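*Asks:* Please find one structure pasted underneath; my questions will follow.
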Amino acid sequence: MTAAPPGPASVWLAGYRAARTRFPPRTPTADWPAGTQAREQVHGHLAGLRPGQAGALGALLDWLAGQEGGSWQQRWLASGSDAAGLDGGSCPAAG
């Protein structure tokens, strides 16, 4: 008796594992160029992505500006919101 050929799931899993070995995930970084832009630049860019939420975005950026750190990402991490699993709708700035 011959063994049945591998099913689609096992073929996919083998390919996934091979790709993960060949291309391991990058180490997360706390800084990138956009993270150090001025508040007005960040607000202008993001307000275009979330029309109608410019006021909430401004409140979030104002709140983040009061946190420790040299970039927006560092401030978000320093606030403890990331570790607490908070998103933009439940962070203290959402008031």
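*Asks:* Is it fair to say residue 67 is surrounded by 12 or more Cβ atoms within 10 Å (Cβ to Cβ) and among the polar types (S, T, N, Q)?
*Replies:* yes
*Asks:* Name every residue in region 67-95 that is touching a Ser or Thr at 6+ places or on another chain (Cβ under 9 Å), at pLDDT 85 or above and over 20 Å from residue 33 (Cα atoms), in order of residue number.
*Replies:* Result: 81, single match.
*Asks:* Taking the stated definitions as given, is residue 14 modelled with pLDDT of 85 or more and either surrounded by 11 or more Cβ atoms within 10 Å (Cβ to Cβ) or assigned to a loop (DSSP other than H, G, I, E, B) (or both)?
*Replies:* Yes; evaluated as a whole, the condition is true for this residue.
*Asks:* Filtering region 24-61 down to residues that are among the charged types (D, E, K, R) and either in a loop (DSSP other than H, G, I, E, B) or modelled with pLDDT under 85 (or both), which residue is nearest to residue 81 (Cα to Cα)?
*Replies:* Across region 24-61, the extreme among qualifying residues is 31.
*Asks:* Of all residues in region 26-64, which are of a type outside the set (Asp, Glu), touching a residue at least 40 places away in the same chain (Cβ under 8 Å) and surrounded by 12 or more Cβ atoms within 10 Å (Cβ to Cβ)?
*Replies:* 30
The values are calculated or read from the model by the stated rules, or taken from the named source; none is laboratory data. In this text, all values refer to a predicted model and were calculated from it rather than measured experimentally. Please note: Cβ atoms are built from the backbone with ideal geometry, for glycine as well, and neighbour counts cover all protein chains shown.
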